[in-house]
1. I'd like the full set of residues that are in a strand (DSSP E or B) and more than 16 Å from the chain's Cα centre (by Cα), limited to segment 315-324.
2. Give me the pairs, please: first residue somewhere in segment 325-343 and more than 11 Å from Thr308 (Cβ to Cβ), second residue anywhere and part of a loop (DSSP other than H, G, I, E, B) and of a type in the set (Val, Ile, Thr), beta-carbon distance under 8 Å, and either six or more positions apart or on two chains.
3. Filter segment 145-163 down to the residues that are open to solvent by 40 Å² or more (accessible area, probe 1.4 Å) and farther than 28 Å from Gly188 by Cβ and list them by number.
4. Just name the residue that is farthest from the chain's Cα centre (by Cα) out of those in segment 420-440 that are under 21 Å from Arg316 (Cβ atoms) and surrounded by fewer than 22 Cβ atoms within 10 Å (Cβ to Cβ).
5. Does segment 347-376 hold any residues that are part of a loop (DSSP other than H, G, I, E, B), surrounded by 16 or more Cβ atoms within 10 Å (Cβ to Cβ) and either of a type in the set (A, V, I, L, M) or on the phi > 0 side of the Ramachandran plot (or both), and which are they?
6. Taking the condition of being open to solvent by 20 Å² or more (accessible area, probe 1.4 Å), under 19 Å from Trp187 (Cα atoms) and either touching an Asp or Glu at 6+ places or on another chain (Cβ under 6 Å) or at pLDDT 95 or above (or both), how many residues in segment 229-255 meet it?
7. Residues that are touching a residue at least 40 places away in the same chain (Cβ under 8 Å), of a type in the set (Phe, Trp, Tyr) and more than 19 Å from Phe118 (Cβ to Cβ): does segment 154-169 have at least one?
8. Would you be able to tell me the number of residues in segment 441-450 that are touching a Phe, Trp or Tyr at 6+ places or on another chain (Cβ under 8 Å), crowded, with 20+ Cβ neighbours inside 10 Å and of a type outside the set (Val, Ile, Thr)?
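The values are calculated or read from the model by the stated rules, or taken from the named source; none is laboratory data. What you are looking at is a predicted structure, and each value in this text was computed from that prediction instead of being measured. Positions of Cβ are generated from backbone atoms using ideal geometry, with glycine treated the same way; all protein chains shown enter the neighbour counts. To get the accessible areas, we keep the full protein, side chains included, count just its heavy atoms, and leave off ligands, DNA and RNA. Shrake-Rupley method; radii C 1.70, N 1.55, O 1.52, S 1.80 Å.
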Amino acid sequence: LPPGPREQLLYLPCIYRNTGIDIPDFLATVDVDPNSPHYCQVIHRLPMPNLGDELHHSGWNTCSSCHGDPTKTRNFLVLPSLISSKIYIVDVGTDPKAPKLHKVVEAEELSRKGNVAFPHTSHCLGSGEILISCLGDPAGNGKGSFILLDGETFEVKGNWEKGGKIPALGYDFWYQPRHNVLISTEWGIPRILAQGFDPSDVEKGHYGRHINVWDWSSRSLLQEIDLGPGSIPLEIRFLHDPSAAQGFVGCALSGEIQRFYKSQEGNWAAEKVIEVPSKKVQGWLLPDMPGLITDILISLDDRFLYFTNWLHGDVRQYDISDPKNPKLVGQVFVGGSISKGGAVTVLEDRELQDQPEPCVIQGKKIPGGPQMLQLSLDGRRLYVTTSLFSAWDRQFYPELLREGSVLLQLDVDTDKGGLAVNPKFLVDFGKEPGGPVLAHEVRYPGGDCTSDIWL
């Protein structure tokens with residue numbers, strides 16, 4: 001398939017919770033057309049009607065799985081709030097450069113119809129409905145449950161799962177109807193992780209370690225695959241090829257990428273294919289610093305896997321032509337906790353000879369570490385943001401709360417592999433009119449590498 005048109009606009013949720021600035025989160029529209037006079041500028045801001053939402057990830061009202069129906073267009077962005085549990089439906093179709101609020105789904109509706117809260121990932125379904133994973137119940141306990149929204153009215157229809165066992169924790173998910181499967185991941189107990197990260201909570205079992213395999217048609221839990229204590233599996237991606245019965249999941253704390261796959265017996269299994277070793281350090285929270293894999297992404301042609309190490313500070317590119325044996329072909333450091341001249345001294349490193357140089361773009365030292373990723377449809381431009389979650393930003397990168405986060409772009413070599421920071425590209429969210437803000441996930445109008453599930 002030829003790639004779609006080059007992206008000209010990006011949408012990013014921008015978060016003020018925990019920054020000390022008492023104004024609503026907003027959806028930013030960024031101009032990324034190199035021929036535009038507003039290149040690399042926020043050209044529109046849509047503030048939410050409430051305070052303290054913690055906007056996080058977003059999804060579409062309809063998707064490529066509805067491609068048989070030409071009347072369906074991606075004209076609404078679905079924007080769940082991780083803390084307030086409100087879901088905002090944003091009209092991006094009427095004027096893509098100036099989105100407007102279409103509807104608010106209240107937390108009370110999620111609670112009443114599904115006994116859920118803390119909505120996280122939303123994917124559109126071939127049925128025209130919208131499926132959203134949640135982290136917990138309204139009291140802040142963990143609960144790996146899902147809700148369905150009507151794709152036209154955006155009303156909550158109730159839970160997706162049909163009773164039976166529900167995982168103790170929830171987070172991200174991907175589904176693959178050709179293999180009659182949905183697989184979900186686990187972050188942690190919402191009321192605990194919302195305060196910040198305490199390593200002792202991992203030992204207490206307050207964080208995730210399973211990927212959960214669901215029967216797509218009966219909507220029941222089939223398997224809980226244990227990826228090990230302290231693994232914390234977050235983002236999960238199937239290969240884009242709808243006939244492929246495999247994909248990858250990033251385990252934040254163990255620093256592993258696990259390949260999950262359908263076995264010859266017909267059940268599902270997982271194996272470690274990449275490991276990012278922790279570094280022995282001085283001047284940090286713990287003596288061992290994990291990479292903290294917080295986002296992963298697969299290129300549309302299924303050739304490359306990308307992921308971020310939010311603490312170490314590197315973005316990596318692996319050739320996954322042989323998914324069982326990924327090969328590192330690109331790596332670049334943008335921010336992170338171990339760069340030279342900072343508070344941390346690396347005592348022992350199984351990968352690097354020296355601590356990396358600080359990343360400076362257009363005179364600005366990059367705050368935070370690489371976090372969310374989005375890839376252009378042709379695979380040549382990788383967008384990177386640096387904020388994870390306001391309570392964790394405050395703890396690990398307090399400078400993010402003072403300076404705001406940034407949006408960067410890496411140039412990708414799609415032939416041999418390779419990554420390089422584009423020195424001409426910087427969106428500094430420290431310069432926002434309302435004060436420095438934390439920008440999170442990137443979406444393009446019309447869909448991108450992480451929102452599309454083909455049937």
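1. Those that are in a strand (DSSP E or B) and more than 16 Å from the chain's Cα centre (by Cα): Gln317, Tyr318, Asp319.
2. So the pair list comes out as Pro326/Ile320; Ser337/Val344; Ile338/Val344.
3. The answer is Asp150, Glu152, Thr153, Glu155.
4. Checking each candidate, the answer is Pro423.
5. Correct list: Ile366, Gly368, Met372.
6. The total comes to 2.
7. no
8. 3
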